[in-house]
1. Jot down the radius of gyration and Dmax of the range 123-176, Cα atoms only, both in angstrom.
2. Report ³J(HN,Hα) in whole Hz for each residue of the range 131-148, in order, from the Karplus equation J = 6.51 cos²θ - 1.76 cosθ + 1.60 where θ = phi - 60°; Gly and Pro get x.
3. Hey, with R₀ at 25 Å, roughly what FRET efficiency would ALA134 and GLN172 work out to, going by the Cβ-Cβ distance, to 0.05?
Amino acid sequence: MDKLEQFISENLELFDDNEPVEGHFDRFEEKLDQQHAESGAPFDKYFLLKIAAGLLILLAVSVYIFDFAANRLSKKFIGENHSSVESSEIQDAIHYYDDAASAKLGQINKLACCGQDTRKIYSMASDELKSLNANSEELQKAMIMNPDERIQAAIIQNHQMKEKVMNELVGQMKRK
């Protein structure tokens, strides 16, 4: 008989017992608690992956909605600027600078995709565009009343200022 069989036959009463020794379950539970405390990860990794996937979907949807709203807003700004200025050269210049400002507004949206800075920067850009659009409307009303080359130049400068303001905001965002 080899050593294992001899050990089993000598300690047969220990092997035939169906119930574990008293306190076994408590000791086992304590060991499990210690393992969880030592690992420091009470969450399941799949649970964390689910949270990450949910946040990623939420981020993608919010960027899409924000981009959609920005495009709609920029089209609104462009639509407000169309007035009855006679010269096609002036109209072309106005369209050029408005398109450039709209493109920069789109860049602002992409650079500041998330967070409170987005609202602040977008609000700042929106306020500046509204102010410049109001100035442009006043100049265009003055142009209707009194067609003058100086007023035309002021209208073009106002639209150039839109592009410069947007360029400055994009530059600031890229520096950050």
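1. Cα only, the range 123-176: 13.4, 45 Å (Rg, Dmax).
2. Each residue of the range 131-148 in turn: 5, 5, 5, 5, 4, 5, 5, 4, 5, 5, 5, 5, 5, 5, 6, 9, x, 8 Hz.
3. With R0 = 25 Å, the Cβ-Cβ based efficiency is 0.60.
Rule-based calculations on the coordinates, nothing more; no lab input. Computed from a predicted model, the values in this text were never measured in an experiment. Note that each Cβ is placed from the backbone with ideal geometry, even for glycine, and that neighbours are counted across all protein chains shown.
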